[in-house]
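Here is the structure we will look at, set down as structure tokens.
The values are calculated or read from the model by the stated rules, or taken from the named source; none is laboratory data. This one's a predicted model, so the numbers in the text were calculated from it and none came from an experiment. Neighbour counts run over all protein chains shown; Cβ positions are idealised from the backbone, glycine included.
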Amino acid sequence: MYIVFGSKDNVYKSIPLDGIETVEKYIYKFYGKIKLELSIGKVNNPISKIKVVDCLQENCVNFISAKFFGNFDNIESARNEIKSLTYFGNLNTNLIKVDLK
């Protein structure tokens, strides 16, 4: 199973915990400005969680089950979901793949 999760700079950060491996990462730009970082995670343990840290409010942390971040059978389905979330007709959007190193 694959999931899609994101982080928005200075707003919230999503951190995959044990049992979720980040396999791809993208930067989403809207009219040249970075708006979001989107990641595809491979879920190796179905009870795994994503830690979501609110950057605007101190001590605001949530642990959300991976099942709430989509349920894609393969990585290509997860990629297609990211494309559908970031493409808006004729608007100037750009999706840049990040090297995970």
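This table checks each residue for (1) without any contact (Cβ under 8 Å) to a residue 24 or more places away in the chain; (2) within 20 Å of Lys83 (Cβ to Cβ); (3) touching a Pro at 6+ places or on another chain (Cβ under 9 Å).
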| position | (1), (2), (3) |
| --- | --- |
| Ser7 | no, yes, no |
| Gly19 | no, no, yes |
| Tyr28 | no, yes, no |
| Asn62 | yes, no, no |
task: Within the stretch 62-83, track down each residue that is assigned to a helix (DSSP H, G or I) and either surrounded by fewer than 12 Cβ atoms within 10 Å (Cβ to Cβ) or touching a Leu at 6+ places or on another chain (Cβ under 8 Å) (or both).
output: Phe68, Glu76, Ile82, Lys83
- prompt: Within the stretch 1-23, which residues are touching a Gly at 6+ places or on another chain (Cβ under 9 Å) and not hydrophobic (A, V, I, L, M, F, W, C)?
  reply: Tyr2, Tyr12, Ser14, Pro16, Glu21, Thr22
task: Would you mind finding the one in Lys13, Lys29, Lys25, Lys42 that is surrounded by 15 or more Cβ atoms within 10 Å (Cβ to Cβ), at pLDDT below 95 and in a strand (DSSP E or B)?
output: Lys29
- line: Here the residues within the stretch 28-86 that are more than 14 Å from Ile15 (Cα to Cα) and β-branched (Val, Ile, Thr) are Ile34, Ile47, Ile75, Ile82, Thr86
